[in-house]
Amino acid sequence: MNLDTNSEIAALKRQSFTLLLALIVVSGTLTVYLYRQASITGKDIDAIRPQAEQLISAYNKNQTLMNNFIKELQDYARTHPDFRPMLARHGFAVQPTGAPAVAPKP
């Protein structure tokens with residue numbers, strides 16, 4: 001091997017070491033950033049959890065009221081046939097008397 005080849009190998013070693021060091025720095029920085037974001041997000045979730053639970057509770061309460069209203073509309077349509085097409089247009093089938101009512105799919 002001549003002097004040129006040895007210097008090229010040494011330059012490649014330095015370059016690979018520099019790239020490895022840069023990779024370690026970048027991955028460490030990314031890790032710290034992602035940990036910080038996860039920590040902040042966890043605190044945000046804990047802060048809004050009570051509000052989310054209230055919204056879920058209100059939704060469940062309203063869902064029950066809406067299902068009851070739909071059932072009353074279907075009961076009304078059983079006795080008033082001219083109202084059935086309106087319910088059918090909106091996806092609420094009227095079951096024959098004695099059959100269980102089926103709630104529409106969201």
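The values are calculated or read from the model by the stated rules, or taken from the named source; none is laboratory data. Note that the structure is predicted; figures quoted are calculated from it, not measured. Neighbour counts are summed over all protein chains in view; Cβ atoms, including those assigned to glycine, are modelled from backbone coordinates with ideal geometry.
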If the requirement is being over 30 Å from Met86 (Cα atoms) and over 28 Å from the mean Cα position of the chain (by Cα), which of these qualifies: Ala22, Ala47, Ala38, Ala52? Ala22
Could you go through the stretch 45-54 and let me know if any residue there is modelled with pLDDT of 95 or more and basic (Lys, Arg). no
Does the stretch 22-29 contain at least one residue that is touching a helix residue (DSSP H, G or I) at 6+ places or on another chain (Cβ under 7 Å), surrounded by 10 or more Cβ atoms within 10 Å (Cβ to Cβ) and part of a helix (DSSP H, G or I)? no
Filtered residues of the stretch 69-106 (kept if modelled with pLDDT of 85 or more and under 29 Å from the mean Cα position of the chain (by Cα)): Ile70, His90, Gly91
Which of the residues that make up the stretch 2-19 are surrounded by 10 or more Cβ atoms within 10 Å (Cβ to Cβ) and among the aliphatic types (A, V, I, L, M)? Ile9, Ala10, Ala11, Leu12, Leu19
Some residue of the stretch 34-56 being within 30 Å of Val94 (Cα to Cα), surrounded by 10 or more Cβ atoms within 10 Å (Cβ to Cβ) and of a type in the set (Gly, Ala, Ser): no
